[in-house]
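Derivation of every value follows stated rules applied to the coordinates shown; laboratory data play no part. As the structure is a computational prediction, the values presented were derived from the model and not from experiment. Reconstructed Cβ throughout: ideal geometry from the backbone, glycine too, with neighbour counts over all protein chains shown.
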Amino acid sequence: SRPRMLAPSRRCPCRFPIGLAMLLAVVLAPRAWADDVRALWVVRTTLTSPERIDAMVEAARDGGFDTLLVQVRGRGDSYFTEGIEPRPGSLAAQPDSFDPLAHTIARARDAGLRVHAWMNVNLVAGMNELPAVEGHVVAEHPEWLMVPRDLSSTLAGMDPADPAYVSQLAEWAQSRPE
């Protein structure tokens, strides 16, 4: 007995599209590998002076990086001039006209590097010290701070606008082991 052949009308209509998709996947896949990104994380403490930024950009370029991921918001403060949050205390020695992000972008562009902003959105203070900068979110909206469960019963009856509220949080955080 001879094997039965399918009539042309009964062949799988999806054979051509599947074959084309497989061919395109093989041909186009190597292109994705050619788009590697060599990025360097840049923390906010690097953005405290034009000299530090210049040195960082030079080191990134010399190290073969092509992209900078720059922390422009650290602890409820902004390392750029048009932000709604205050400038950090670490920029106090710089003139008000100094914009760390703008300086970074300009130097990176000259070096052929891309820049992406990185923002910490939930961190507003360190463990051992509250920000002393006027207009900081901790002073303006202490009710937005997350309260540890151990401290919630103590703070439940307090007004978040009362400085004692934030002091209680700070004392609790400082009493914790690192």
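Given N residues in the range 124-178, what is Rg(Cα) / (2.2 N^0.38 Å)?
Numbers: Rg = 10.8 Å, N = 55, 2.2 N^0.38 = 10.1 Å.
Here the answer is 1.07, to two decimals.
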Would you calculate the separation in nanometres between label points at Ala111 and Met158, each defined as 7 Å from the Cα along the Cα-to-beta-carbon direction? 4.4
Label-point separation in nm, Met119 to Ala59, each point 7 Å along Cα→Cβ: 2.7
Can you run the Rg to Rh ratio on the range 42-170? Use alpha carbon positions and the Kirkwood inverse-distance Rh. 1.09
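So if R0 is 25 Å, what FRET efficiency would Arg52 and Glu171 give, r being the distance between their Cβ atoms, rounded to the nearest 0.05? Each step should come with its number before you reach the end.
Working: r = 34 Å, r/R0 = 1.35.
That gives a FRET efficiency of 0.15.
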